[in-house]
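Asker: Just dropping this structure here.
Read-outs throughout are calculated quantities, based only on the coordinates presented, and are distinct from any laboratory measurement. Everything numeric here is computed off the predicted structure, so don't read it as measured data. Cβ sites come from the backbone with ideal geometry, for glycine too, and all protein chains shown count toward neighbours.
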There are 2 protein chains.
Amino acid sequence: MTAHKDDARRNKQADGSRAERPADPLMVLSVEKAFRVLESFDPTHASMSLSQVASVAGLDKSAAQRFTHTLEKLGYLRKDPVSKHFEMTTRALKLGHNFTRANPLIERAAPYLMHLSKTTEETINLTVRDDTEIVFVLRFLSRQVLNPDVTIGTRMPAYCTAPGIAMLSRMRPEDARRILERTDLRAYTPDTTWQIDTLMEKIALSAARGYATAFEEFYHGDLSIAAAAVTSRQEPACAVNIAVSRARYTRQDAEKRFSSLVVAAARSISQGLPQPHG
Amino acid sequence: MTAHKDDARRNKQADGSRAERPADPLMVLSVEKAFRVLESFDPTHASMSLSQVASVAGLDKSAAQRFTHTLEKLGYLRKDPVSKHFEMTTRALKLGHNFTRANPLIERAAPYLMHLSKTTEETINLTVRDDTEIVFVLRFLSRQVLNPDVTIGTRMPAYCTAPGIAMLSRMRPEDARRILERTDLRAYTPDTTWQIDTLMEKIALSAARGYATAFEEFYHGDLSIAAAAVTSRQEPACAVNIAVSRARYTRQDAEKRFSSLVVAAARSISQGLPQPHG
DNA sequence: GCTCTTGTATCGGATCGTAATACTCTTTAT
DNA sequence: ATAAAGAGTATTACGATCCGATACAAGAGC
């Protein structure tokens, strides 16, 4: 026991060349840096030179060199031989694709969403929650797409979306509140519900009704009705929602017409949902 | 089993003190292993224990421990606290999502595909080529989906798909042939064109027509018509295709009705296509 | 031409990761 | 019950791997 020599190992010399590490001996820092590089390639940095990568990822030139080289060899980046700029390859789609195909939740939910899509001819989404956000994992577009920028993998704050509220409404209120408390709550539109107490009321109402609505709380013109599917322990697993345009429905019409459909779909999905382990 | 690659790649210091095979000094092997772990989580291995990860990824227990720990800390894996099994998180979608959003090709093509989707009400795809394969990068489903298993990120052999042939037909024939030569050519269905010479004829015909067809060459019942978009250097950049079911169209009808549409869409996409650098 | 910036190659040495081992727990068999 | 086996977790000494400084090469702009 004790620790005699090993802290000598991770304490650098006193001349402080480096801040001390959290000392997580299992953490492989190279991997973290590699992902920092890969994740630098966002929509605003689609194509980057070596030095851009270095500055965006916060690495020095040597590290940028090594990690871009490594990622290129692994097939995740390609370098244009003339401009020397790097960009992502289709390889990046593979992980997401694997996730989608491997996820039993999605496999199970897909047929019900497709059915909804066919019968309503509106946009149908399946989302899961990741802490304070929801993530779109499956999407069936209608002919008149509202927001083409929303694709699989898109994230939004849970509190101002119908699926987010639907999932929060299936949790214990104190847990839901804790999530809201660590969210950056703001009014994206004039209609955004963004105060904790009001949100808790909205959550309670949604719990009672069995579905949630979000009318232009994040995007203008977007009317969304959602219901959450739950595991056998009554924990929210995912949510299905229908999104329609204000141009074609009033809020009341949309709610009246679609709420029972999403509730039914969510209930179907719930039954026989794979367990998060037993 | 045991070690296979390290000796081949790296000469210990058998004789001369100088390593004659410097291997690849810029390659960071930890990163490669991390991706081996992540990519182990495919549809047949959605949820794995530590030792399963070790065996599937080909690592020893310690390495599996370190990399699962690292990936968990980075948010790509989560471990069920009771079953101790690992699975992927929605984080995996982020890279693919970034790729989609960052790719100017996709941004540019999306509106044309959407237009096609609306006017035809059939399934529309955008694909790019990655060596011998095509990869689906954007997809608009019709009401009657043929193959729900095909999602963004799905790959197919180029030679037996309409988009693949369409792109090959815009290359120099000798380059196209070289790609075919390194493909594992096989007859997936009785209708698969799989002999090099026949394929080259098919490619030549497609080049002359400006579009390609694949009738049940990979999936039964799947009739597909595609055209390639080209860069200003006349290099194929991507392909757009329409896929319909044999149940609702004859081959002739499908070809007659849709070929001009995909050709027009591909031409529109081609104009002002971002350069692979200038 | 020259300078300045950016990409590429090299290399010694310390850091960081490796792999062996030991320790808990849980599961299974006797 | 109890033991034995197996799996997951924690720890540590060692040394190969990776780090990062530096030098070199190649363009770009003046």
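Asker: What does the charge count around residue A:72 come to, taking other residues whose C-beta lies under 13 Å from its C-beta (Lys +1, Arg +1, Asp -1, Glu -1)?
Answerer: +2
Asker: Taking the Cβ of each residue in B:112, B:76 as the centre, tally the other Cβ atoms inside 10 Å and list the residues starting with the fewest.
Answerer: Going from sparsest to densest Cβ surroundings: B:112, B:76.
Asker: How would you classify the protein assembly as shown from its alpha-carbon gyration tensor, with a ≥ b ≥ c the square roots of the eigenvalues: rounded for a/c under 1.5, else prolate if a/b is greater than b/c, otherwise oblate?
Answerer: Because a/c hits 1.5 or more and a/b fails to exceed b/c, the protein assembly as shown counts as oblate.
Asker: Rank these for me by crowding, B:146, B:223, going from fewest to most other beta carbons within 10 Å.
Answerer: B:146, B:223
Asker: May I ask you to derive the FRET efficiency for residue A:39 and residue A:115 from their Cβ-Cβ distance with R0 = 25 Å, giving the value to the nearest 0.05?
Answerer: Computed FRET efficiency for residue A:39 and residue A:115 comes out at 0.10.
Asker: May I ask for the net charge around residue B:60, where only other residues with Cβ less than 12 Å from the Cβ of residue B:60 are counted and Lys, Arg are +1 while Asp, Glu are -1?
Answerer: So the environment of residue B:60 carries a net charge of +3.
Asker: Give me the orientation-averaged projected area of the Cα convex hull of the range B:166-248, in nm², one decimal.
Answerer: Average of the hull's projected areas for the range B:166-248 equals 5.5 nm².
Asker: Rounded to the nearest 10 degrees, what's the angle between the helix A:61-74 long axis and the longest principal axis of chain A, both from Cα atoms, 0 to 90?
Answerer: 60
Asker: Trypsin sites (Lys or Arg not before Pro), restricted to the range B:137-166: which are DSSP loop and have at most 14 other Cβ atoms within 10 Å?
Answerer: Within the range B:137-166, the qualifying trypsin sites (Lys or Arg not before Pro) (loop, at most 14 other Cβ atoms within 10 Å) are B:143.
Asker: If you don't mind, there's one more thing I want to ask. Copy-to-copy spacing for residue A:75, label 7 Å out on the Cα-to-C-beta vector, in nm, shortest first?
Answerer: Copy-to-copy label distances for residue A:75: 2.7 nm.
Asker: Just to be sure I understand the model, the point goes 7 Å from the Cα along the line to the Cβ. What's the resulting residue A:234 to residue B:78 distance in nm?
Answerer: Calculated label separation equals 2.1 nm.
Asker: Between residue A:178 and residue A:208, take the C-beta separation as r, use R0 = 25 Å, and let me know the FRET efficiency to the nearest 0.05.
Answerer: 0.75
Asker: Let me ask another. For residue B:24, place a label point 7 Å out from Cα along the Cα→Cβ vector, do the same in each other copy, and report the separations in nm, one decimal, smallest first.
Answerer: Here the equivalent label points are 2.7 nm apart from this one.
Asker: Taking the Cα centre of the protein assembly as shown as origin and charging only Cβ (+1 Lys, Arg; -1 Asp, Glu), how large is the dipole, in debye to the nearest 20?
Answerer: 260
Asker: Within 10 Å of each candidate Cβ there may be at most 15 other Cβ atoms; applying that plus a DSSP loop requirement, which trypsin sites (Lys or Arg not before Pro) in the range A:201-242 survive?
Answerer: A:233
Asker: Relative to the first principal axis of the alpha-carbon coordinates of chain B, what is the inclination of helix B:251-270, with its axis defined by its Cα atoms, in degrees from 0 to 90 and to the nearest 10?
Answerer: Result, in degrees: 70.
Asker: Cα gyration tensor of the range B:96-270, axes a ≥ b ≥ c as square roots of the eigenvalues: rounded (a/c below 1.5), prolate (a/b > b/c) or oblate?
Answerer: Rounded, since a/c falls under 1.5.
Asker: Something else: Among the listed pairs B:73/B:94; A:73/B:73; A:94/B:61; A:73/A:94; A:118/B:118; A:94/B:33, which have their C-alpha atoms separated by more than 19 angstrom in this model?
Answerer: Result: A:73/B:73; A:94/B:61 exceed 19 Å.
Asker: Using θ = phi - 60° and the Karplus form 6.51 cos²θ - 1.76 cosθ + 1.60, what ³J(HN,Hα) does each residue of the range A:203-218 get, whole Hz, x for Gly and Pro?
Answerer: Those phi angles translate into 5, 5, 4, 5, 4, 5, 6, x, 8, 10, 10, 9, 9, 6, 8, 10 Hz.
Asker: Helix-only estimate, please: 222 nm mean residue ellipticity of chain B, summing -39500 (n - 2.57) across DSSP H runs of length 4 or more and dividing by its residues, to the nearest 500.
Answerer: About -13000 deg cm²/dmol.
Asker: How are the alpha carbon pair distances in the range B:40-154 distributed across 5 Å bins from zero to the largest one, expressed in percent?
Answerer: Bins of 5 Å from zero give 2, 10, 15, 17, 13, 12, 12, 9, 6, 3, 1, 0 percent of pairs.
Asker: Once Lys and Arg get +1 and Asp and Glu get -1 on their Cβ, which of A:85, A:70, A:102 lies farthest toward the positive end of the dipole of the range A:17-121?
Answerer: A:70
Asker: So, in nm, how far is label residue A:267 from label residue B:271 when the simple model puts each one 7 Å beyond its Cα toward the Cβ?
Answerer: Spacing of the two 7 Å Cα→Cβ label points: 5.3 nm.
Asker: Further, regarding this structure: So which trypsin sites (Lys or Arg not before Pro) in the range B:36-123 are both in a DSSP loop and have at most 12 other Cβ atoms within 10 Å of their Cβ?
Answerer: Qualifying residues, ordered by number: B:84.
Asker: Expressed as an acute angle from 0 to 90° and rounded to the nearest 10, what is the orientation of the C-alpha long axis of helix B:29-40 relative to the principal long axis of chain B?
Answerer: Between the helix axis and the principal axis of chain B, the angle is about 60 degrees.
Asker: If R0 is 35 Å, what FRET efficiency do you get for residue B:246 and residue B:60 from their C-beta distance, rounded to 0.05?
Answerer: 0.10
Asker: With only Lys, Arg, Asp and Glu charged, each at its Cβ (+1 for the first two, -1 for the last two), find how big the charge dipole of the range A:97-270 is about the Cα centre; round to the nearest 20 debye.
Answerer: Roughly 500 debye for the range A:97-270.
Asker: Here is a further query. Residues of A:118-130, mean number of Cβ from any other protein chain within 10 Å of their own Cβ, rounded to a whole number?
Answerer: 1
Asker: Using a 10 angstrom cutoff on alpha carbons, build the Gaussian network for chain A and name the most mobile of A:192, A:151, A:68.
Answerer: Result for chain A, Cα springs under 10 Å: A:68 fluctuates most.
Asker: In addition: Under a 5 Å amide H to amide H cut-off, with H placed in plane at 1.01 Å, what residues pair with residue A:230 once short-range neighbours are removed?
Answerer: Amide H neighbours of residue A:230: A:237, A:270.
Asker: Next question. Taking a label point 7 Å from Cα toward Cβ, how far is residue A:51 from its twins in the other copies, in nm, shortest first?
Answerer: 5.4
Asker: Amide H neighbours of residue B:138 under 5 Å, counting only residues 5+ apart in sequence or on other chains, H built in-plane at 1.01 Å?
Answerer: Residues meeting the amide H criterion: B:126.
Asker: If Lys and Arg each add +1 and Asp and Glu each add -1, what is the summed charge of the other residues whose beta carbon sits under 13 Å from the beta carbon of residue B:251?
Answerer: -2
Asker: Now for a separate question. Most exposed first by the Cβ proxy, i.e. fewest other Cβ within 10 Å, how do A:203, B:196 rank?
Answerer: Going from sparsest to densest Cβ surroundings: B:196, A:203.
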